[in-house]
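Before any comments, here is the structure.
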Amino acid sequence: APPGGTAPPGNAPPGSYGAPAGYGGYNAQPAGYNGQPGGYGPPGGYGGPAYQGAPPQAPPPQQGPNLQQIFTSVDRDQSGQISVNELQSALSNGTWQPFNPETVRLMISMFDKDGNGTINFQEFGALWNYINDWQRTFRFYDRDNSGSIDQNELQTAITSFGFRLSSKFYGLLMKKFDRTGSRTITFDDFIQCCVLIQTLSAAFQRKDTNRNGWIQINYEEFMELVFSTKI
């Protein structure tokens, strides 16, 4: 069934997903990818991500929400900081399952400028926009309005971002990010999947000085590449 409603996650039916307390809503028009696919290298290589870690941008809603009110509702202990647990409890992925804690941790780390493991109001504002951009992107590629992304929809999305990957690799992505066993990916796992692809590709690109989709590294260099990548 198509996702609907703007109720807070605690009251949201399956099929609803998005920003804290349901803000962002489903009345906004879904947005496509406005940039041209980026990339370089031969077919079968990797594309240079055109969106640099952020989802394709969409026009913001005409009337913005009260971010201070949202922040206060998410900040349950009134500490002035939002923790991973607080943000997780405020988000919905369109199922009755909790929002993927790894996705929440990943997003917190991206916007936690002072490195204290939480986000303040200013950091939350940037994160809120980021989540809503992903929400619009997810809805656009969820072509059947099922509230989840299947393998064909995932391939369409990632290809449009500028990445060139094989069908076999998309099968691997589905196995890794399908936590429900339904052969689909929910909103939270879609974010994590796309961000990890971009982050790992950027790390590879720094080593690919010839820009041909190939690198030659030894074991220790590979380990350094993995452990120095912020994921």
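At a glance:
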item: Tabulated pairs, segment 201-215, first farther than 17 Å from Leu165 by Cβ, second surrounded by 14 or more Cβ atoms within 10 Å (Cβ to Cβ) and of a type in the set (A, V, I, L, M), C-beta under 9 angstrom, 6+ apart or interchain; result: Arg206/Leu225; Lys207/Ile215; Lys207/Leu225; Thr209/Ile215
item: Residue list for segment 135-172, filter: touching a Cys at 6+ places or on another chain (Cβ under 8 Å) and not β-branched (Val, Ile, Thr); result: Leu154, Ala157, Phe161
item: Helices (runs of 4 or more DSSP H) fully within segment 115-231 counting 1 or more residues that are aromatic (Phe, Trp, Tyr); result: 121-141, 167-177, 187-207, 219-228
item: Filter result for Asn120 (in contact with a Gly (Cβ under 7 Å, 6 or more places away or on another chain), open to solvent by 20 Å² or more (accessible area, probe 1.4 Å) and over 16 Å from Cys193 (Cβ atoms)); result: yes
item: Answer residue from segment 182-223, given it is acidic (Asp, Glu) and open to solvent by 30 Å² or more (accessible area, probe 1.4 Å) and is nearest to Tyr130 (Cα to Cα) among those; result: Glu221
item: Residue match in segment 123-130 (condition: open to solvent by less than 10 Å² (accessible area, probe 1.4 Å), under 27 Å from Val84 (Cβ atoms) and modelled with pLDDT of 95 or more); result: no
item: Selection count where residues are modelled with pLDDT of 95 or more and under 15 Å from the mean Cα position of the chain (by Cα), scope segment 161-173; result: 1
item: Which numbered condition Leu106 misses (of (1) in a loop (DSSP other than H, G, I, E, B); (2) open to solvent by less than 30 Å² (accessible area, probe 1.4 Å)); result: (1)
item: Residue list for segment 176-211, filter: under 11 Å from Leu154 (Cβ atoms) and among the acidic types (Asp, Glu); result: Asp178, Asp189
item: Residues that are of a type in the set (Val, Ile, Thr) and either touching a Pro at 6+ places or on another chain (Cβ under 6 Å) or open to solvent by less than 20 Å² (accessible area, probe 1.4 Å) (or both), drawn from segment 140-181; result: Ile149, Ile158
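The values are calculated or read from the model by the stated rules, or taken from the named source; none is laboratory data. What you are looking at is a predicted structure, and each value in this text was computed from that prediction instead of being measured. Every residue, glycine as well, gets a Cβ built from its backbone with ideal geometry; the counts of neighbours run over all protein chains shown. With ligands, DNA and RNA removed, areas are computed over all heavy atoms of the protein, side chains included. Shrake-Rupley method; radii C 1.70, N 1.55, O 1.52, S 1.80 Å.
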